[in-house]
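Only one structure is covered here, and it is reproduced in the block below.
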Amino acid sequence: MELCDKKAIELAGLLKKKEISSRELTESVLKRMDQKEPSINAYISKTKEIALKQADEADRRIRAGEAVSPLNGIPVAVKDNLCTQGIKTTCASRILENFIPTYNATAVQKAINDGAVIIGKTNLDEFGMGSSTENSIIGPTHNPINRDYVCGGSSGGSAAAVASGEAIIALGTDTGGSIRQPSAFCGITGIKPTYGRVSRLGLISYASSLDQIGVLGKSADDCAMMLNSICGHDPRDTTSANVAKPDFTSSLEKGVKGLRAGLPKEYFVEGLDKGIRDSVMNAVKLLEKDGMEIEEISLPNASSSISSYYLIATAEASSNLARYDGVKYGFRADTETDDAVMMYEKTRSRGFGSEVKRRIMLGTYVLSAGYYDAYYLKAQKVRNLIKSDFDRAFKKVDCIITPTTPCLPFKIGEKMADPLQMYLVDIYTVSLNLSGLPGMSVKCGTVDGLPAGMQIIGRPFDEEMILRVASGYEKISV
Ligand code: GLN
């Protein structure tokens, strides 16, 4: 096994004992990138020079006997909608093609402070809008398990990089499933923390009340280790929660005995792939054998989550994306006129891809006078109902288990002509963003050679619980 295929937590141990150097490890990842990128296309920018410099610095700290974080010297990939100082941050959009931020996102800065080696910026659906990483200026990222298939999205580049050894661990963002769904499609582990757990400063906004930064890794303990580094209150993000920061690795060994898990009956219905259903149910049986109590629960408003999500997300997107006008940021279309409105129009129609334009139009429509009450306000009310379903369920259970996706990875191009089909891929994930809850995806089986993911949902700020269940499952499933 090459270094780039090992888990972060294991590599942290080897680095600490000086059995390997961060330079060796970083070179192993860079070599894998050279081999795999032509067929995977996980990265928008590679930051080889920066990475090697950070690796040498990490090695120096270890040699000097400094107290270092487990993340010291570990190669990390960063989704390209997270600002990186001096490094192009494009959101996979033409409109930000040449945008170079002057500061790091707080999550990125925290990782760097802990000694992370930033290896590159990963591909995504433009501004996070999509479920397959096909809506990108650099073209689709391919699934490392079978390159004819999509890797999921929108953090597809991060998921594919981790799954192929082109990164040890990665940062992603999740507005409606974008960490959990690509993790499921690439057979890895991903966590979307509670809304407010990780600062959103420097995350380029898609839908601000839903966006959250999280981690994609090879296992629950890798995710816990990285989450330890990036979370915490940030006074520069007013939605960042001022709550205690636990050590997420400390609950991993506790096992699942005595915990209660709910299976929402509305999630195991027609439309769910039979192979995924069987994989999740087998995983649940293993957990039950290990002492977990399983009961059926009901989330009666689940069927409204996709419609309310796509109203709220597009409304917020239309407002957030108004800032890209050719004046303040990035791309400006050449126009022969000095008419400003014409310049805005040309810039926006050429700078944004078709899915982003569709969302801006939908969002503008649902916010417009006369339709606001019928669509946007109603969606907000439904959002509250969805949240109260979860509140009720969590009075009885410690966590909720569902499939991550209703379908297996699909072929590249297969759903591009039908946006509604693409939206339905998020049916099991969006309700957590609407409710602000933490969720994880862990691999729970293989169906026709493709991975199936199980989603574990927790109470607000109880990431420890879902990491514990995920880690417990990983131990009994091997
Ligand atoms: N696929 C969903 C969307 O397009 C979720 C994306 C995300 O979480 N960024 O909105």
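The values are calculated or read from the model by the stated rules, or taken from the named source; none is laboratory data. Since the model is a prediction, treat every value here as computed from it, not as a measurement. All Cβ positions, glycine included, derive from the backbone under ideal geometry; neighbour counts span all protein chains shown. When the accessible area is computed, the model is the full protein with side chains, heavy atoms only, and any ligands, DNA or RNA have been set aside. Shrake-Rupley method; radii C 1.70, N 1.55, O 1.52, S 1.80 Å.
Structural remarks
- Selection within segment 281-337 - farther than 30 Å from ALA374 by Cβ and either among the acidic types (Asp, Glu) or within 16 Å of the ligand (Cβ to nearest atom) (or both): GLU288, ASP290, GLU293, GLU295, GLU296, ASP334, GLU336
- Residue check, TYR324 open to solvent by less than 80 Å² (accessible area, probe 1.4 Å) and hydroxyl-bearing (Ser, Thr, Tyr): yes
- In this structure, SER39 does not satisfy being touching a Leu at 6+ places or on another chain (Cβ under 7 Å), assigned to a helix (DSSP H, G or I) and at pLDDT 95 or above.
- None of ALA105, ALA58 is touching a residue at least 40 places away in the same chain (Cβ under 8 Å), buried (at least 24 other Cβ atoms within 10 Å of the Cβ) and away from the ligand (no atom under 16 Å from the Cβ) except ALA58.
- From the options GLN421, GLN455, residue that is polar (S, T, N, Q) and crowded, with 24+ Cβ neighbours inside 10 Å: GLN455
- Residue under evaluation SER154, criteria (1) touching a Cys at 6+ places or on another chain (Cβ under 9 Å); (2) under 25 Å from SER354 (Cα atoms), criterion not met: (1)
- Filtering segment 458-477 to residues that are among the polar types (S, T, N, Q) and surrounded by fewer than 22 Cβ atoms within 10 Å (Cβ to Cβ) leaves only SER477.
Matching residues to (1) modelled with pLDDT of 95 or more; (2) within 16 Å of the ligand (Cβ to nearest atom); (3) in contact with a His (Cβ under 8 Å, 6 or more places away or on another chain); (4) not in a strand (DSSP E or B):
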{"position": "GLY370", "(1), (2), (3), (4)": "no, no, no, yes"}
{"position": "LEU408", "(1), (2), (3), (4)": "yes, no, no, yes"}
{"position": "ILE427", "(1), (2), (3), (4)": "yes, yes, no, yes"}
{"position": "MET454", "(1), (2), (3), (4)": "yes, no, no, no"}
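- Given (1) under 14 Å from the mean Cα position of the chain (by Cα); (2) open to solvent by less than 10 Å² (accessible area, probe 1.4 Å), number of the condition ALA111 does not satisfy: (1)
- Residue list for segment 386-440, restricted to those being among the polar types (S, T, N, Q), in contact with a Lys or Arg (Cβ under 6 Å, 6 or more places away or on another chain) and over 21 Å from ALA452 (Cβ atoms): SER435
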